[in-house]
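*Asks:* First the structure, then my questions, so here it is.
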Amino acid sequence: MRTRIFTGRLRRAAWLGTLAAVLAFPAVPFIGASSAAAYPGFTVSVTCTATTGQSGSQATWEWWQGGVGANGTLVAIGSVRCPNITGSGTSSATGSGIQPAGADTLAFSVDSVAGNGCGGTGFKDISFTPGSSVSTKLKVTGKSPCSYAVGPKNTVTVDASLQS
């Protein structure tokens with residue numbers, strides 16, 4: 001009979017331990033959610049328009065802590081590339097992520113690839129308070145042929161934005 005009582009107590013202790021684990025598990029995401037909410041998510045969109053085709057046009061972002069370059073630390077990087085266009089047309093793409101916690105500077109660039117090594121690039125650096133929202137737009141047009149190339153005429157316009 002002592003064995004049954006002892007076994008019953010073990011079952012009860014095991015059941016209470018399981019119940020405590022199940023109740024504690026959902027608390028972890030809620031605890032993490034409040035700290036993650038302090039750093040906004042961001043979306044990057046890029047739209048490319050070409051007169052005779054494009055391949056390789058993109059938007060790139062870099063999140064820095066302490067400013068851009070040698071004095072700062074690169075904490076995250078990403079890019080979104082437009083799908084290729086054959087002939088005349090438009091293509092677009094989007095990307096997203098979470099703004100890094102310590103980031104205080106955004107370096108945003110856009111590359112327009114018009115063919116034969118021709119195109120254009122635009123840059124924008126934005127300083128902000130870590131955890132605050134950031135928004136920027138950049139539009140670049142590249143033309144082919146450029147001064148050092150020959151080939152078909154082409155104009156590629158890349159319109160990109162980042163919003164957190």
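*Asks:* Does Ala103 count as aliphatic (A, V, I, L, M), assigned to a loop (DSSP other than H, G, I, E, B) and under 20 Å from the mean Cα position of the chain (by Cα)? It would help to see each step written out before you state the result.
*Replies:* Values: aliphatic (A, V, I, L, M): yes; assigned to a loop (DSSP other than H, G, I, E, B): yes; under 20 Å from the mean Cα position of the chain (by Cα): yes.
For Ala103, the condition - aliphatic (A, V, I, L, M), assigned to a loop (DSSP other than H, G, I, E, B) and under 20 Å from the mean Cα position of the chain (by Cα) - is met.
*Asks:* So which residues in the range 147-164 are open to solvent by less than 30 Å² (accessible area, probe 1.4 Å) and part of a loop (DSSP other than H, G, I, E, B), if there are any at all?
*Replies:* Answer for the range 147-164, where residues must be open to solvent by less than 30 Å² (accessible area, probe 1.4 Å) and part of a loop (DSSP other than H, G, I, E, B): Ala149, Ser164.
*Asks:* Is it the case that some residue within the range 31-47 is under 16 Å from the mean Cα position of the chain (by Cα), modelled with pLDDT of 95 or more, surrounded by fewer than 17 Cβ atoms within 10 Å (Cβ to Cβ) and not in a helix (DSSP H, G or I)?
*Replies:* Yes, the conditions are met somewhere in the range 31-47.
*Asks:* Regarding Gly56, is this residue at pLDDT below 95, under 20 Å from Gly151 (Cα atoms), in a strand (DSSP E or B) and open to solvent by less than 50 Å² (accessible area, probe 1.4 Å)? Quick ask: steps written out before the conclusion?
*Replies:* On the way: at pLDDT below 95: yes; under 20 Å from Gly151 (Cα atoms): yes; in a strand (DSSP E or B): no; open to solvent by less than 50 Å² (accessible area, probe 1.4 Å): yes.
Here the answer is no, as Gly56 does not meet what is asked.
*Asks:* Can you tell me which residue is farthest from Ser88 (Cα to Cα) among those in the range 125-146 that are surrounded by fewer than 15 Cβ atoms within 10 Å (Cβ to Cβ) and among the basic types (Lys, Arg)?
*Replies:* Lys137
*Asks:* Working only within the range 147-164, note down all residues that are closer than 18 Å to Thr90 by Cβ and under 18 Å from the mean Cα position of the chain (by Cα).
*Replies:* Val158, Asp159, Ala160, Ser161
The values are calculated or read from the model by the stated rules, or taken from the named source; none is laboratory data. Small disclaimer: the values here were computed from a predicted structure and weren't measured. Cβ sites come from the backbone with ideal geometry, for glycine too, and all protein chains shown count toward neighbours. Keep in mind that these areas ignore ligands, DNA and RNA; they rest on the heavy atoms of the full protein, side chains included. Shrake-Rupley method; radii C 1.70, N 1.55, O 1.52, S 1.80 Å.
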